[in-house]
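Heads up: the structure comes next, in structure tokens.
The values are calculated or read from the model by the stated rules, or taken from the named source; none is laboratory data. None of the values given here were measured: they were computed from a predicted structure. As a convention, Cβ positions derive from the backbone with ideal geometry for all residues, glycine included, and neighbour counts pool all protein chains shown.
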Amino acid sequence: MSGINYLFPEYEVKRDYDRCIACRVCERQCANEVHHFDDKRGKMVSDDTKCVCCQRCVSLCPTRALKIVKTDNTFKTNANWRENMITNIYRQADTGGVLLASMGTPKEYPVYFDKMLINASQVTNPSIDPLREPMETRVFLGSKETKIIRDSDGRIVPHLNQHIELSTPIMFSAMSYGSISYNAHRALAMAAEELGTFYNTGEGGLHEDFYKYGKNTIVQVASGRFGVKPEYLEAGAALEIKMGQGAKPGIGGHLPGAKIVGDVSRTRMIPEGSDAISPAPHHDIYSIEDLRQLIFALKEATDYKKPVIVKVAAVHNIAAIASGIARSGADIISIDGFRGGTGAAPAAIRDNVGIPMELALASVDKRLRDEGIRNNVSLVVGGSIRSSADIVKAIALGADAVYIATSALIALGCHLCRTCHLGRCNWGIATQRPDLVKRLNPNIGKERLVNLINAWTNEIKEIMGGMGINSIEALKGNRAMLRGIGLNEKELEILGIKHAGE
Amino acid sequence: MVIDASGLSYKELNERIKESSDTEFDIENLKGQRYIATGSKGKKIVIHGTPGNDVGAFLDGSEVEILSSAQDATGDTMNDGKIVIHGSAGDAAGYAMRGGKIYIRGRAGYRAGIHMKAYKEKRPLLIIGESAGSFLGEYQAGGTIIVLGLSSDGKPPVGFFCGTGMHGGKIYLRCNELPPDLPEQVIAEDMSEEDEKELREHLKDYAATFNLDIEKILKEHFFVLKPNSQNPYKRLYTHI
Ligand code: SF4
Ligand code: SF4
Ligand code: SF4
């Protein structure tokens, strides 16, 4: 039986030969080598089997001769044995391999943001026009001091815990240099600086060229401790301990040696060609007490000048876990929902492990309030924030700010082809190939990111204005502003909201 | 400068060391305060008493001498400098260290030298006089770990799972037989001449520090553990 290819290409390249001028742009643009000019036939041909539907050739074809369509080749229909279940078995029977995938899960799980509606003022409590009246989108992340200290004359002594200030409640979340390109990192860093917010190094260290963006940088410390040295900790405005990632809870990272080249090797501080392995656990953290130890070691190393973020994946007992973290000395907890993206993860994990960020956030916020420790920490959530409305809903559920990654990459041109792990990103994002990296112009990328965040911030102001709310602080945890639509009693209870019409 | 640590928190202690223009310190009466000399550079610190966890974490060039034993996570992610422990060390000594030296005269607990890395001139070195607990050198990616087994009578001076996930660097074990459960990622060979030359270099300072006879140490048999390039740490993937 061997030799038979059971896999039929999922996408077909359709070329309109009336339009094609055989300029061969598509051939040069496709790193997956789908297109080539057939000398014998005197025309462009394509190999559908290699196409990952990244839309690069479609966007670049000067005559709009190309489109990619889902094949209409049909397996015998079966509601249980769906086609992708069957083809995955073929793949694994062929290779014995673990199914590797990237970006967030494409499976149809409920998106609770799409089942919540936002309130607006009518008649009483009038709405606010953000064009005329000030709207505060600035937020401060860190532990909030609840005690007032006075000196002997009764004057208030100002004292603030370490915090970071964001002009808008949106930050770029961790993506390592190595998993994404130099130009993508540069665009994120420049955009964070211009916007007055933060980007996150991920666990791959900080490229020497980017130290200058330090005051808008969150530096990450993960189990593998790549690139972690005193100057690195010094460089960032905040430190993030990565305990987990929404797309692959309980799973570490493994950047294959082939991707550890040139600057990536220098930034991670490991030799070229050696594997970069970050196992799932920090082998020095087995308890909240151990976590506390690392938090304070980091604080000691940076003179208590920087807030420490602990990032965890949203998993079943997230409320209890967050309660522990809120007592561990962390200043900020970042919760990453299971729809979050990744540069590479076993599909079985990505598609089946973890819980949605909306439910995790609602139960964590409630738990911390019930225990009277909500002010110990700020909450940042991520894991597929797709729009300004998602952000408003997340804040109303209790978040102080959100982390975005996939939407930032989409702003940079990502078409969600979900093959980042192949390292051949045609959009110059998830690749280290110099010819591909240079396709992403960091200045244009920065502009696009700035545009996106400004647009979202304006939308947030409009939505808040409509509710008669003039600051993020007043929206935070304001669940009365949300109603569920089509949710059952239990879901409403966990989200802490009423049903529409109530 | 002599600092009496009685009643001082680790924060106060570290501040005093950082803020002082002195470069040499004797810390007396230390009773388990953590994070001593975290991120410290350019100082020489002698600890009398017992340091708590994370002594010398992120150490950046200072020398720390501990006259008794250390607790957990000594030299966590240390970058440069030297830590000398006259007694033993607890768990996770030298976690992810990427430079500098840790000399332990006695034993080390679990997970010593795990995630150790090397890059260019940064070549971390961890030497343990007696024996090490389980998971020695787990996920080691670079640098050198030496376990001398000075009281092990030729038996393997390590616990279980030595070198699991190892993908770089070297482990020297002074013993006549190998640990029975070496993982697949590791190949063990008798020490070569080249290795021995390197070992001798590494041991000079260590032996001098603890007043040991280097020839006597080198007389016994050593194994060298390295990552098995035929069987790298990887799983076979297929893509969707
Ligand atoms: S880019 Fe368009 S016009 Fe040019 S060869 Fe390809 S299909 Fe034809
Ligand atoms: S992989 Fe991308 S660039 Fe290549 S043919 Fe498919 S859509 Fe076009
Ligand atoms: S980053 Fe690139 S490879 Fe990854 S999904 Fe987006 S377009 Fe595809």
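Yes or no, residue by residue, for (1) at positive phi; (2) within 16 Å of ligand 2 (Cβ to nearest atom); (3) buried (at least 22 other Cβ atoms within 10 Å of the Cβ):
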{"site": "A:N375", "(1), (2), (3)": "no, no, no"}
{"site": "A:V381", "(1), (2), (3)": "no, no, yes"}
{"site": "A:G398", "(1), (2), (3)": "yes, no, yes"}
{"site": "A:V402", "(1), (2), (3)": "no, no, yes"}
{"site": "A:G428", "(1), (2), (3)": "yes, yes, yes"}
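Go through the stretch A:62-87 and report how many residues are away from ligand 3 (no atom under 16 Å from the Cβ) and in contact (Cβ under 8 Å) with a residue 40 or more places away in the chain.
Here is the first cut: in the stretch A:62-87, the ones away from ligand 3 (no atom under 16 Å from the Cβ) are A:62-67, A:69-87.
With in contact (Cβ under 8 Å) with a residue 40 or more places away in the chain added as a condition, the list becomes A:62-67, A:69-71, A:73, A:87.
Count: 11.
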For this session: Tell me, please, whether a residue that is modelled with pLDDT under 90, closer than 24 Å to A:R186 by Cβ, assigned to a helix (DSSP H, G or I) and within 13 Å of chain B (Cβ to nearest Cβ) can be found in the stretch A:248-258.
Result: yes
Checked pairs for the stretch A:96-109, first free of Cβ contacts under 8 Å to residues at least 24 places away in the same chain, second surrounded by 13 or more Cβ atoms within 10 Å (Cβ to Cβ), C-beta under 9 Å and 6 or more apart or across chains, list as A:G96/B:T238; A:G97/A:R91; A:G97/B:Y237; A:G97/B:T238; A:G97/B:H239
Only one of A:L233, A:L206 is surrounded by fewer than 24 Cβ atoms within 10 Å (Cβ to Cβ), in the same structural domain as A:G337 (by TED's automatic domain parsing) and touching a strand residue (DSSP E or B) at 6+ places or on another chain (Cβ under 7 Å), namely A:L233
Apart from one, (1) of a type in the set (D, E, K, R); (2) in a helix (DSSP H, G or I); (3) more than 10 Å from chain B (Cβ to nearest Cβ); (4) touching a residue at least 60 places away in the same chain (Cβ under 8 Å) all hold for A:E234; the odd one out is (3)
Screening A:V34, A:V52, A:V98 for residues that are closer than 19 Å to A:C414 by Cα and within 14 Å of another protein chain (Cβ to nearest Cβ) leaves only A:V52
Per the filter on the stretch B:160-214, residues exposed (fewer than 13 other Cβ atoms within 10 Å of the Cβ) and touching a Leu at 6+ places or on another chain (Cβ under 6 Å) are none
Quiz item: Can you spot a residue in the stretch A:109-127 that is more than 14 Å from chain B (Cβ to nearest Cβ), away from ligand 3 (no atom under 16 Å from the Cβ), under 28 Å from A:C414 (Cα atoms) and among the basic types (K, R)?
Solution: yes
Within the stretch B:66-120, residues on the phi > 0 side of the Ramachandran plot and touching a helix residue (DSSP H, G or I) at 6+ places or on another chain (Cβ under 8 Å) come out as B:A73
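Can you tell me which residue among A:I469, A:I404, A:I460, A:I453 is away from chain B (no Cβ under 14 Å), of a type in the set (A, V, I, L, M, F, W, C) and within 15 Å of ligand 3 (Cβ to nearest atom)? Let's see the steps before the verdict.
Values: A:I469 fails: within 15 Å of ligand 3 (Cβ to nearest atom); A:I460 fails: within 15 Å of ligand 3 (Cβ to nearest atom); A:I453 fails: within 15 Å of ligand 3 (Cβ to nearest atom).
Among A:I469, A:I404, A:I460, A:I453, only A:I404 is away from chain B (no Cβ under 14 Å), of a type in the set (A, V, I, L, M, F, W, C) and within 15 Å of ligand 3 (Cβ to nearest atom).
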Picked from the stretch A:274-296 (must be more than 8 Å from every other protein chain (Cβ to nearest Cβ) and polar (S, T, N, Q)), the residue farthest from B:G168 (Cα to Cα) is A:S287
Query raised in the report: In the stretch A:212-221, is there at least one residue being at the interface with another protein chain (Cβ under 10 Å from one of its Cβ atoms), within 19 Å of A:S173 (Cβ to Cβ) and among the aliphatic types (A, V, I, L, M)?
Result: yes
A careful count of residues in the stretch B:156-176 that are away from every other protein chain (no Cβ under 14 Å), assigned to a loop (DSSP other than H, G, I, E, B) and in contact with a Gly (Cβ under 7 Å, 6 or more places away or on another chain) gives 5
Expected output for the stretch A:25-42 (first residue within 15 Å of ligand 2 (Cβ to nearest atom), partner among the acidic types (D, E), Cβ below 7 Å, 6+ apart or cross-chain) is A:V34/A:D47; A:H35/A:E27; A:H36/A:E27; A:F37/A:E27
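Confirm whether A:S102 is within 30 Å of A:A394 (Cα to Cα), polar (S, T, N, Q) and within 16 Å of ligand 2 (Cβ to nearest atom). Write out each step before concluding.
Working: within 30 Å of A:A394 (Cα to Cα): yes; polar (S, T, N, Q): yes; within 16 Å of ligand 2 (Cβ to nearest atom): yes.
It is true that A:S102 is within 30 Å of A:A394 (Cα to Cα), polar (S, T, N, Q) and within 16 Å of ligand 2 (Cβ to nearest atom).
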Requested in this report: Please indicate, with yes or no, whether at least one residue in the stretch A:83-101 is closer than 30 Å to A:R483 by Cα and under 32 Å from the mean Cα position of the chain (by Cα).
Outcome: no
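Residues being more than 16 Å from A:T137 (Cβ to Cβ) and small (G, A, S): count how many of those fall in the stretch A:192-207.
Of the stretch A:192-207, the ones more than 16 Å from A:T137 (Cβ to Cβ) are A:193, A:199-207.
Among the residues that remain, those that are also small (G, A, S) are: A:202, A:204-205.
Selection size over the stretch A:192-207: 3.
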All conditions in (1) more than 16 Å from ligand 3 (Cβ to nearest atom); (2) away from chain B (no Cβ under 14 Å); (3) exposed (fewer than 13 other Cβ atoms within 10 Å of the Cβ) are true of A:V25 except (3)
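Please state which one of A:T124, A:T168 is surrounded by fewer than 16 Cβ atoms within 10 Å (Cβ to Cβ) and not in a strand (DSSP E or B).
Details: A:T168 fails: surrounded by fewer than 16 Cβ atoms within 10 Å (Cβ to Cβ).
Matching residue, one of A:T124, A:T168: A:T124.
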### Message
Condition (residue is within 10 Å of chain B (Cβ to nearest Cβ), under 15 Å from A:K242 (Cα atoms) and buried (at least 20 other Cβ atoms within 10 Å of the Cβ)) applied to the stretch A:298-305: is it met by at least one residue?
### Response
yes
Has the stretch A:429-437 got at least one residue that is within 14 Å of chain B (Cβ to nearest Cβ) and in contact (Cβ under 8 Å) with a residue 40 or more places away in the chain? yes
Would you check if A:E300 is among the acidic types (D, E) and touching a residue at least 12 places away in the same chain (Cβ under 8 Å)?
no
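What residue, of A:V310, A:V315, is in contact with a Pro (Cβ under 6 Å, 6 or more places away or on another chain) and more than 9 Å from chain B (Cβ to nearest Cβ)?
On the way: A:V310 fails: in contact with a Pro (Cβ under 6 Å, 6 or more places away or on another chain).
Testing whether each residue is in contact with a Pro (Cβ under 6 Å, 6 or more places away or on another chain) and more than 9 Å from chain B (Cβ to nearest Cβ) leaves just A:V315.
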